[in-house]
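Student: Right, I'll just put the structure down here and ask away after.
The values are calculated or read from the model by the stated rules, or taken from the named source; none is laboratory data. Note that the structure is predicted; figures quoted are calculated from it, not measured. We place every Cβ from the backbone using ideal geometry, glycine too, and count neighbours over all the protein chains shown.
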Amino acid sequence: MNPPQSLTPISGTILNVYASRKANGKSPLGDLSIYTTNDGSISLYNTNYCENFHSSTGALSEAKEKFLSPAEIERFTAERTINILDVCFGMGYNIAQLVEALNKNLIAFNWWGLEIDPRPLRISLENPKFNSIWSSEVQKMLFSIQKDGRYTNNKSQGVVLWGDARQTLAQIPIAVSFDLILHDAFSPSKCPMLWTEEFLSRLTRKLIPGGRLITYSSAAAVRSSLRRNGMKVGSIIPSERNAQKWSNGTIAISPLGTSKGIAQNKNWKDLSPMEEDHLLTRAAVPYRDPSGNSSNYDILKQREKEQRNSFLEKTINWGRRWERRGRT
């Protein structure tokens, strides 16, 4: 869905946009505008990132298709408590849908949320349409997180770590490993600091064997970084309404430490030939942040330089080649 006309971003390259914001000392959080998506659920548009929080199909639909379904909570049993890391939980759709399913299956959980901006959750909870989606227990959880930064009941608990995720990730105890990591930051080209090879490496090291990192992003830079960190990378299978998209999101599974491999299922599949070919282009040049505190602008600038000097195929040639092949 396009943003309201008054919020249409100024034309120009992404680098020029960030340079202008940096020079003018503008807040990285930006202004937020609420709108209704195609499935009737509400979402937000951020003026600094010039990006919607969700796709036009709908906030609720996206949370189910790109996060809940590939998480496959039926894999878990009530015999143990699972650990979940929610990177950029924003308005709360992803964790709310997941917790609804976990509660229904009597599965206890420990949840850590990383978020820099408290406004999206507050805006969500001020909207009756959003609240009407969830059960009373999930509403209680979201209101508790918004008010106190934590949640607990007789079997599950959660806590928010507010601030830059690159720093707050270090506040999670070293001994904690995750069954699921939900990664829902703004897109790599707009928020590269949370998609760098270094940050993704830190996330994947926090997964248990067989643990899953799930994201809506199908960026070659993200997938190539996940592979270099030893993950099995697959593509999320789209719903019928999104079947024409060439790629629909990514699931990265931590090695099981066995020779049996990891079976595909109805929610994800191995990368297609087109997706594999994408990883051999300059689009696969990673975002880098060795210091862990580089600005978005500096990360983008460094990657642009590395792409110019790369011996990999130009991504535009890949696109033309697969357009000729009919994307089959």
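Student: Within the range 180-215, how many residues turn out to be free of Cβ contacts under 8 Å to residues at least 40 places away in the same chain and surrounded by fewer than 23 Cβ atoms within 10 Å (Cβ to Cβ)?
Tutor: Number of matching residues: 3.
Student: Can I ask one more? Can you spot a residue in the range 194-204 that is part of a loop (DSSP other than H, G, I, E, B) and in contact with a Gly (Cβ under 7 Å, 6 or more places away or on another chain)?
Tutor: There is no residue in the range 194-204 that is part of a loop (DSSP other than H, G, I, E, B) and in contact with a Gly (Cβ under 7 Å, 6 or more places away or on another chain).
Yes/no matrix, rows are residues, columns are (1) crowded, with 16+ Cβ neighbours inside 10 Å; (2) among the β-branched types (Val, Ile, Thr); (3) touching a His at 6+ places or on another chain (Cβ under 6 Å); (4) closer than 16 Å to Phe186 by Cβ:
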site	(1), (2), (3), (4)
Leu44	yes, no, no, yes
Phe53	yes, no, no, yes
Ser69	yes, no, no, no
Ile84	yes, yes, no, no
Gln97	yes, no, no, no
Asn110	yes, no, no, no
Ser124	yes, no, no, no
Phe130	yes, no, no, no
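Student: For the range 302-328, which residues satisfy the criterion of being more than 22 Å from Arg228 (Cβ to Cβ), of a type outside the set (A, V, I, L, M, F, W, C) and within 26 Å of the chain's Cα centre (by Cα)?
Tutor: Within the range 302-328, Gly319, Arg327 qualify.
Student: Scan the range 216-236 residue by residue and report those that are in contact (Cβ under 8 Å) with a residue 60 or more places away in the chain and among the hydroxyl-bearing types (Ser, Thr, Tyr).
Tutor: Those that are in contact (Cβ under 8 Å) with a residue 60 or more places away in the chain and among the hydroxyl-bearing types (Ser, Thr, Tyr): Tyr216, Ser224, Ser225.
Student: Surrounded by 15 or more Cβ atoms within 10 Å (Cβ to Cβ), among the polar types (S, T, N, Q) and closer than 26 Å to Glu65 by Cβ: does that describe Ser156?
Tutor: It is true that Ser156 is surrounded by 15 or more Cβ atoms within 10 Å (Cβ to Cβ), among the polar types (S, T, N, Q) and closer than 26 Å to Glu65 by Cβ.
Student: From the list Arg228, Arg241, exactly one residue is surrounded by fewer than 21 Cβ atoms within 10 Å (Cβ to Cβ), modelled with pLDDT of 95 or more and out of contact with any strand residue (DSSP E or B) (no Cβ under 8 Å at 6 or more places or on another chain). Which is it?
Tutor: Testing whether each residue is surrounded by fewer than 21 Cβ atoms within 10 Å (Cβ to Cβ), modelled with pLDDT of 95 or more and out of contact with any strand residue (DSSP E or B) (no Cβ under 8 Å at 6 or more places or on another chain) leaves just Arg228.
Student: Moving on to the next point. In the range 283-328, how many residues are touching a strand residue (DSSP E or B) at 6+ places or on another chain (Cβ under 7 Å) and in a helix (DSSP H, G or I)?
Tutor: Going through the range 283-328 one residue at a time, the tally reaches 2.
Student: Have a look at Ile73, Ile82 and point out the one that is modelled with pLDDT of 85 or more, in contact with a helix residue (DSSP H, G or I) (Cβ under 6 Å, 6 or more places away or on another chain), more than 23 Å from Leu125 (Cβ to Cβ) and not small (Gly, Ala, Ser).
Tutor: Ile73
Student: Of these, Arg303, Arg320, Arg308, Arg324, which one is buried (at least 18 other Cβ atoms within 10 Å of the Cβ) and of a type in the set (Lys, Arg)?
Tutor: Arg303
Student: Still on this structure, I have one more. Output yes when any residue across the range 161-176 is buried (at least 18 other Cβ atoms within 10 Å of the Cβ) and part of a loop (DSSP other than H, G, I, E, B), and no when none is.
Tutor: no
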